[in-house]
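Data first, discussion second: the structure below is written as structure tokens.
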Amino acid sequence: MAYSLYCSIPKKPISSIVISSPHIMFNSVHKFVPPVTPSLFPSRYCTWSSVSSSVAETDEHYRQSPRLVAKEYADLNLADKFTEDVGNLRIRQHVNPLRRALMIPAEAPNWMEVFGDATLPLMVDIGSGSGRFLMWLAKRNSSSMNYLGLEIRPKLVTRAEYWVNELGLKNVHFISTNAMVSFQRLVSTYPGPLMLVSILCPDPHFKKKHHKRRVVQKPLVDSIVNNLAHGGQVFIQSDVLDVALDMRDYFDTVPDKLVHVDSVDPSLPCDGDGWVLNNPMGIRTEREIHAEFEGCKIYRRVYKKVQH
Ligand SMILES: C[S@@+](CC[C@H](N)C(=O)[O-])C[C@H]1O[C@@H](n2cnc3c(N)ncnc32)[C@H](O)[C@@H]1O
């Protein structure tokens with residue numbers, strides 16, 4: 001079993017994906033679509049595509065990327081424990097966040113029970129996927145920061161919670177919810193300051209009629225900006241130029257409250273188009289690792305809340 005990335009090439013729908021830690025595996029048998037030369041398609045989207053296991057298993061190239069993820073997150077030492085104890089995860093690749101069942105906001109938890117110290121500064125990762133990215137950060141900053149992952153696919157949260165328990169971390173928590181409808185309720189009840197919100201490689205929803213399914217919409221942006229503490233930051237990125245530009249448009253249009261970091265922090269250099277060159281977190285997300293492995297550019301912006 002293996003995965004592939006492909007570049008804006010129409011594909012047949014994928015019914016489900018089998019995820020086994022730390023490798024990502026697909027159970028469908030669509031034809032393999034080879035990646036297009038990166039330089040020819042600078043705005044291409046490197047996305048999951050299903051591949052026939054018989055094709056992929058003979059191709060070492062397509063084994064490398066999950067290995068890179070495992071290597072990047074080796075410190076967590078999660079190995080295949082979840083799979084051994086619980087079995088593989090079967091999840092749908094695409095979720096429509098506008099489905100009625102997903103429009104119900106999550107109840108805020110008792111933060112004192114969720115975190116060891118609920119007064120610490122908070123980072124929220126919207127669309128946290130497997131959760132390894134937040135766990136890695138939580139392990140490194142165990143006494144200085146709390147981490148909250150919002151993820152619409154419940155099975156990913158079930159596994160993330162299992163891992164958090166294994167790691168014994170008291171400063172990271174995952175909630176299975178649609179961030180579009182729950183962000184405000186959740187963060188407005190948190191006792192400490194909201195210092196960082198990340199939206200990293202969100203689902204692209206390519207078709208124009210599906211753009212309204214994209215997680216970054218004005219109500220969410222307003223809620224992020226209003227709840228962010230002064231000096232707090234927003235980190236967005238995508239390997240899809242159109243998605244990155246869409247997010248950038250939203251956050252650029254609150255200049256009275258947000259400034260882009262390149263105007264206040266020379267330690268985060270940008271390219272000529274204003275995209276931050278390097279991931280400032282010290283760890284790449286899984287999607288980022290796969291996309292970079294395929295030669296895709298990552299478009300990043302980092303904003304800081306200011307008091308005018
Ligand atoms: C492409 S993955 C990226 C995961 C991770 N951030 C990374 O960079 O590796 C996008 C994730 O966002 C989740 N997601 C999509 N829409 C969401 C929503 N409205 N609320 C919460 N999570 C969402 C998806 O289920 C998926 O796990």
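The values are calculated or read from the model by the stated rules, or taken from the named source; none is laboratory data. Note that this is a predicted model, so its numbers are computed, not measured. Note that we place each Cβ from the backbone using ideal geometry, even for glycine, and neighbour counts take in every protein chain shown. Side chains are part of the model used for accessible areas, which takes the heavy atoms of the whole protein and leaves out ligands, DNA and RNA. Shrake-Rupley method; radii C 1.70, N 1.55, O 1.52, S 1.80 Å.
Quick notes
- Peptide ranges 291-299, 186-194 listed from the most packed, as the mean C-beta count within 10 angstrom indicates: 291-299, 186-194
- Computed from the Cβ-Cβ distance with R0 of 30 Å, the FRET efficiency linking Ser263 to Lys139 stands at 0.40.
- Net charge of neighbours whose Cβ lies under 14 Å from the Cβ of Ser144, counting Lys and Arg as +1 and Asp and Glu as -1: +2
- Cut-off 18 Å, label 7 Å out along Cα→Cβ of Phe206, residues of the stretch 101-129 by amide N: none
- Calculated FRET value between Asp252 and Arg63, using beta carbons and R₀ = 30 Å, to 0.05: 0.15
- For a label point 7 Å along the Cα-to-beta-carbon line of Ala101, residues of the stretch 159-177 with backbone N under 14 Å: 177
- Local net charge near Ala244, Cβ-Cβ under 11 Å (Lys/Arg +1, Asp/Glu -1): -1
- Cut-off under 5 Å, modelled amide H: who pairs with Val197 long-range: Val124, Gln233, Val234, Phe235
- Distant alpha-carbon pairs in the stretch 162-271 (separation over 16 angstrom), percent: 66
- Here the peptides 95-102, 213-220, 71-78, 175-182 are ranked by packing, the mean other Cβ count within 10 Å, and the order with the highest first is 175-182, 213-220, 71-78, 95-102.
- Carbon plus sulfur fraction of accessible area for the stretch 194-281, probe 1.4 Å, in percent: 54
- Members of Lys71/Lys139; Lys218/Lys304; Lys207/Lys257; Lys71/Lys304 lying beyond 27 Å, as alpha-carbon distances in this model show: Lys207/Lys257; Lys71/Lys304
- Within the straight-line cut-off of under 19 Å between alpha carbons, the aspartates and glutamates reachable from Lys305 are Asp125, Asp222, Asp249, Asp252, Asp256, Asp262, Asp265, sequence neighbours fewer than 8 places apart in one chain being disregarded.
- For the pair the stretch 164-239 / the stretch 102-149, the C-alpha centres are spaced 11 Å from each other.
- Counting charges near Val234 (Lys, Arg +1; Asp, Glu -1) among other residues having Cβ under 13 Å from its Cβ returns a value of +3.
- Under-5 Å amide H pairs with Gly149, H placed in peptide plane, nonlocal only: Asp125, His173, Phe174, Ile175
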